[in-house]
1. Here are the criteria: (1) part of a helix (DSSP H, G or I); (2) surrounded by 12 or more Cβ atoms within 10 Å (Cβ to Cβ); (3) out of contact with any Phe, Trp or Tyr (no Cβ under 9 Å at 6 or more places or on another chain). Tell me which single one B:L10 does not satisfy.
2. So, in segment A:51-95, of the ones that are more than 9 Å from every other protein chain (Cβ to nearest Cβ) and of a type in the set (A, V, I, L, M), which residue ends up surrounded by the most Cβ atoms within 10 Å (Cβ to Cβ)?
3. Somewhere in segment B:55-71, is a residue closer than 20 Å to A:Q54 by Cβ, among the β-branched types (V, I, T) and modelled with pLDDT of 95 or more?
4. So, in segment B:51-70, how many residues would count as being surrounded by fewer than 22 Cβ atoms within 10 Å (Cβ to Cβ) and within 18 Å of the chain's Cα centre (by Cα)?
5. Could you please find all residues in segment A:21-40 being touching a residue at least 12 places away in the same chain (Cβ under 8 Å) and facing another protein chain (nearest Cβ under 7 Å)?
6. Which members of segment B:68-85 meet the condition of being more than 9 Å from chain A (Cβ to nearest Cβ) and touching a residue at least 12 places away in the same chain (Cβ under 8 Å)?
7. Can you say whether B:E32 is facing chain A (nearest Cβ under 7 Å), on the phi > 0 side of the Ramachandran plot and of a type outside the set (F, W, Y), as far as the supplied structure shows?
Amino acid sequence: MVDVVVGIDKCGEQRLTSLPLSRIRVIMKSSPKVSSFNQEALVLTAKATEVFVQYLATYSYRYGSGKEKKALTYNDLSNTAEESGTFQFLADILLKKILASKYLKMIKEKREDEEEENDDSDESDDNNAES
Amino acid sequence: MAERPEDLNLPNAVITRIIKEALPDGVNISKEARSAISRAASVFVLYATSCANNFAMKGKRKTLNASDVLSAMEEMEFQRFITPLKEALEAYRREQKGKKEASEQKKKDKDKKTDSEEPDKSRDEDNDEDEERLEEEEQNEEEEVDN
């Protein structure tokens with residue numbers, strides 16, 4: 001697993017993570033029901049996020065498409081979100097992509113199905129229950 | 001507090017660097033992939049914070065602390081994160097301790113100086129600035145971030 005990332009910033013202080021604490025703080029504060037958190041919680045969350053990014057990237061690269069390759073693609077990530085239990089919480093934001101032509105075809109077929117249903121109910125008498 | 005949408009995103013350059021350092025040399029990352037990982041990271045923060053908050057509430061506390069975050073990782077099935085996080089926490093605590101001792105030492109030195117000779121005016125200004133910065137840092141340590 002990755003070592004603690006320690007760098008030296010402009011003030012000569014050690015940096016435990018490269019993600020800006022101010023931004024992490026904003027996101028944490030936007031979480032509903034959270035009233036407050038201390039500095040240690042902030043620092044750990046920032047560090048955890050950095051480790052998470054590393055993990056998501058390497059996992060998706062390795063298992064995303066099943067082949068050796070030279071690039072990490074969006075599909076690798078959405079496959080991971082769909083197939084891995086650990087990353088399931090990302091399934092809604094890393095949706096699988098579909099070709100526009102396929103999608104339009106799907107819509108068209110759905111519309112045709114609905115039209116058929118409507119035609120059927122028009123033909124029957126008024127004593128039909130409303131759907 | 002109104003947040004613009006971009007405030008909930010993490011800086012692209014930093015995210016890209018973290019990814020590049022994690023992957024083998026020569027592997028490209030598509031723009032879409034990078035953007036997706038960035039969004040995933042923001043969602044991760046929200047999920048982790050919400051989860052940590054549950055632990056704080058269980059402990060009847062209103063302020064999230066380090067152990068809540070660690071418990072959240074366990075709960076989210078990211079046990080593999082716990083070791084590096086504990087190391088980071090220890091390093092952070094050592095750093096804070098060092099800063100505190102340094103500021104206390106500076107105060108002692110300053111007191112010694114004012115007791116003895118007449119202080120140099122310009123030297124005083126520098127000391128004041130340092131003290132301000134150190135005071136801010138001490139405040140940050142104890143600061144509870146309220147919503």
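1. (1)
2. Step by step, filter segment A:51-95, then rank; the result is A:A91.
3. So in segment B:55-71, the residues closer than 20 Å to A:Q54 by Cβ come out as B:69-70.
Narrowing the set further to residues that are among the β-branched types (V, I, T) leaves B:69.
From what's left, modelled with pLDDT of 95 or more: B:69.
Taking every residue of segment B:55-71 in turn, at least one turns out to be closer than 20 Å to A:Q54 by Cβ, among the β-branched types (V, I, T) and modelled with pLDDT of 95 or more.
4. The total comes to 4.
5. Applying the first criterion (touching a residue at least 12 places away in the same chain (Cβ under 8 Å)) to segment A:21-40 yields A:21, A:24-25, A:28.
Hits for segment A:21-40 are A:I24, A:R25, A:M28.
6. Looking only at segment B:68-85, we keep the residues that are more than 9 Å from chain A (Cβ to nearest Cβ), and these are B:71, B:74-75, B:79, B:82.
Within segment B:68-85, B:S71, B:E75, B:I82 qualify.
7. Against the criterion (facing chain A (nearest Cβ under 7 Å), on the phi > 0 side of the Ramachandran plot and of a type outside the set (F, W, Y)), B:E32 does not qualify.
Rundown of residues vs (1) modelled with pLDDT under 95; (2) on the phi < 0 side of the Ramachandran plot; (3) among the acidic types (D, E), yes/no style:
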{"site": "A:S35", "(1), (2), (3)": "yes, yes, no"}
{"site": "A:E40", "(1), (2), (3)": "no, yes, yes"}
{"site": "A:V43", "(1), (2), (3)": "no, yes, no"}
{"site": "A:A48", "(1), (2), (3)": "no, yes, no"}
{"site": "A:Y55", "(1), (2), (3)": "no, yes, no"}
{"site": "A:Y59", "(1), (2), (3)": "no, yes, no"}
{"site": "A:K70", "(1), (2), (3)": "yes, yes, no"}
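The values are calculated or read from the model by the stated rules, or taken from the named source; none is laboratory data. Quick caveat: nothing in here was measured; it's all calculated off a predicted structure. Note that each Cβ is placed from the backbone with ideal geometry, even for glycine, and that neighbours are counted across all protein chains shown.
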